[in-house]
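Scroll down for the structure; my scribbles are underneath it.
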Amino acid sequence: MIFIIWDIMMKNVYMVQASTTYSGNNFKAAYLPYATGLLVSYAWTNETVKREYCFKRFVFTREAIESVISSLDNPSVIGFSNYVWNTEYNKALAKRIKEVYPECITIFGGHNVSPDEEFLREFDYIDFLIHGEGEEAFLELLLELLNDEPDFSNVSNVSFRNKEGGFTTNPIKILTKVDYPSPYLTGVFDDIIKENPDMQLDAILETTRGCPKSCAYCDWGCNRSKVKLFPIERVLAEIEWFAKNKIAYIFGADANFGAFERDEEITDHIVEMNQKYGYPERIQINYAKDKHDIVFRISQKFEKCGLSKLGSTLSFQSLNPDTLESIGRKNMSLDKFKELMLMYRNAGVRTYSELILGLPCETYESFCRGIGMLFEAGQHEQISIHNCVILPNSPMGAKDYIKKYGIKTANVFFYVNHGKAETEIVEKTRCVIGTSTMNQEEWIAANIFACFVSSLHHCGILQNLAIYFYYEKNVPYEDFYNSVINWCRNSDNEILNKPYQFLYNFYKNICLERPTESYCNEDVYGKIPCAPEYVAHMETIFRLEDYYEAIRPLLKTYESDDNILDEIIEYQKCVLKRPEHNNFSREFTYGWYEYFTKIIAGESALLNKYPNRVCVNNEKMPGNWYEYAFKDVWFDKNGGTFNAGITNELL
């Protein structure tokens, strides 16, 4: 009885970090709310907080607003963690909470919170903003709120309404430590685990915090803070917690994993837990850019046991020197890139490179040329191309920077790659749709080019043809794929024109700030929503014969010998992984297997004529189109996963 009375006297605290639920074909997954979990774990180490506050629960998915409201029990404080995928949801929920519980204190923090008091000026239902790292600020704020006449002037990293009716933003305090309690190990997520047995719960792994770089498009290193290392004992214990709680997917939140020698120890522990418990099943890492030896060894270990989601990153962001200067970034040389590509390939480790579309000083031609240069250097596995967005706390978000480079943006509906939001509240992000060197139509065209490259080159449908035309006919890669796009745009054949029209409308709607929809062909693949970069692939792969017949006239303009063209198309069909494409062989008069294998390996190759046989016998071939879409396109996505795994023998 005493406990019940005491509980009533305590102030109830809720935390909101609503992530999109990823779903398709009876699969459902969401991230554990790591950021808010950190705040709770640290705050409740304070005896006063434990005595005065009662932590109730996390809202970690996009629950219906009224459902959340009905679940609240006289809330005193609600903290919201804001990212591009949940800020509008947070605003709607906070506004409704204030209507029902006007005395409840609402606190907004996270990467998507403005660096000043802008949110307070615009939204009267927000009481406090926390800028930057929030562990200590949240604790200080909870303690100050207990006072009869609270004074927030000494609370670090916060903005608030002052007594004079104006706004105050306190100085940012750069934290010098990260030895905060782990939300995984302190049990604050235990109820989520128990209450969601049918949902795949994914997790964030943070072994360091901070970044010494200051790339203009990123807010990771905006404070140029020294990288801080979490205690190794905590990191290893968290990894074991992941394994024991069957956390399938881990996203590494470090800016530069592999920068420290201890990262190999962490890698070994992840592999050990995977071998012992079967979890985690996949991990995605942001690797250090200048620690090639350590990163290579780590990548080998993850690849060997099948943990690597995409492979190892060999990133550029842009290959245009003027663009690199404008964003404060330097690239490795292409010679070094070729050397690393060869090293990774010989070790059987997949790689991918990243580019950002919409950066200052980039033109349509320089963007396409950059992709061509990466192909020439041997990157045929995967080039991930991200649209540039303006993060409010990044250098690129400054008004002077935007004016200098003529940056044009659209508040676009946030695209959900692997699912749809559970509520009708649409998130928005500030996407760059043009600069002084790339207008909107060129931006649309560049996105279409990027999507066609991903669909047709990395996923294999035209990859060998493009390689052959480059080496034997001196056709630049970017010229070939631009000709494919023009052919599809001007064609009245649906198999060619439909993907182009989908992509054009998709990116045009972004420019017009209209909603966009994921590509989904339920008749073939089930309820698997796919990213736009795979539209041309998904629309083509299940009807390859019709596709090659439709595009053959274009291919013939590059290779007039019908026998060679027929053989290379047939070989291309053989190497593509897909359902109902197993346990067979094809005979060829040219040594295509030897030719392409050498080129991909970075060696010189001659196309020799001799009888040979290509065989396909792959135990991992998808059994149906549902399985193909779910496993190969949705989850793995690296270009190497689309290879059927052929063998070759002489006749």
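Some notes on this structure:
- Helical content of the chain, expressed as a calculated mean residue ellipticity at 222 nm, amounts to -11500 deg cm²/dmol (DSSP H runs of 4 or more residues, -39,500 (n - 2.57) each, divided by residue number, nearest 500).
- Long pairs among LYS289/LYS408; LYS213/LYS246; LYS408/LYS428; LYS228/LYS330, criterion Cα-Cα beyond 26 Å: LYS289/LYS408; LYS213/LYS246
- Rounded tilt (10° steps) of 562-575 against the dominant C-alpha axis of the chain: 40
- Neighbours of CYS361 by Cβ distance under 11 Å: Lys/Arg scored +1, Asp/Glu scored -1, total -2.
- Expected-Rg normalisation [2.2 N^0.38 Å, Cα atoms] applied to region 316-424: 1.27
- Its Cα centre serving as origin, the chain has a Cβ charge dipole (Lys and Arg +1, Asp and Glu -1) of approximately 500 debye.
- Accessible area per residue for region 260-394 is 39 Å², calculated with a 1.4 Å probe on protein heavy atoms, without ligands, DNA or RNA.
- Using a Förster distance of 41 Å, the FRET efficiency for MET9-LYS403 (Cβ separation, nearest 0.05): 0.15
- The rule of thumb for compact globular proteins, 2.2 N^0.38 Å, goes into the C-alpha radius of gyration of region 163-260 1.37 times.
- Separation in nanometres of the label points that stand 7 Å from Cα toward Cβ, at TYR610 and LEU554: 3.5
- Folded to 0 to 90 degrees: helix 544-556 orientation relative to the chain principal axis, Cα: 60
- Think of a 1.4 Å ball rolled over the protein heavy atoms: region 127-181 then has 48 Å² of accessible area per residue.
- Relative contact order of region 1-127, defined on C-alpha pairs under 8 angstrom at six or more residues apart (%): 29
- Summarising the strand pairing of the chain, around 45 percent of its internal DSSP beta bridges are antiparallel.
- Of the residues GLN440, ALA92, ASN411, the one whose Cα sits farthest toward the positive end of the charge dipole of the chain, with +1 on the Cβ of Lys and Arg and -1 on the Cβ of Asp and Glu, is GLN440.
- Å³ per residue enclosed by the Cα convex hull of region 101-186: 128
- Whole-number D in µm² s⁻¹ for the chain, Kirkwood Cα-pair radius fed into Stokes-Einstein, 10 °C, 1.306 mPa s: 59
- Relative contact order %, region 449-564, counting alpha carbon pairs below 8 Å whose residues are six or more apart: 32
- The modelled label-to-label distance between GLU649 and ASN583, using points 7 Å beyond Cα along the C-beta direction, is 1.7 nm.
- Surface composition of the chain: carbon plus sulfur atoms contribute 49% of the solvent-accessible area (1.4 Å probe, protein chains only, all chains present).
- 12 Å beta-carbon shell around PHE152, net charge (K/R +1, D/E -1): -3
- Backbone amide hydrogens, once placed in the peptide plane, bring ASP202 within less than 5 Å of ALA30, TYR31, LEU32, excluding anything fewer than 5 places away on its chain.
- In the assembled protein chains, TYR277 presents an accessible area of approximately 80 Å² (probe radius 1.4 Å).
- When the pairs LYS301/LYS598; LYS498/LYS577; LYS95/LYS404 are compared against a 29 Å limit on Cα-Cα distance, LYS95/LYS404 fall above it.
- Sequence of HIS581, HIS111 from largest to smallest accessible area, 1.4 Å probe: HIS111, HIS581
- Against the chain, whose longest principal axis comes from its Cα atoms, helix 135-145 is set at around 30 degrees.
- Start at zero, step by 10 Å, and the Cα-Cα distances of region 457-523 spread as 18, 37, 33, 11, 1 percent across the bins.
- Accessible area (Å², per residue) of region 51-112, counting only protein heavy atoms and a probe of 1.4 Å: 38
- Tail weight of P(r) past 23 Å, computed on alpha-carbon pairs of region 407-513, percent: 40
The values are calculated or read from the model by the stated rules, or taken from the named source; none is laboratory data. This is a predicted model, so every value here is computed, not measured. With ideal geometry, Cβ positions are generated from the backbone for all residues, glycine too; neighbour counts draw on all protein chains shown. In case anyone asks, the SASA skips ligands and DNA or RNA and just uses the protein heavy atoms, side chains included. Shrake-Rupley method; radii C 1.70, N 1.55, O 1.52, S 1.80 Å.
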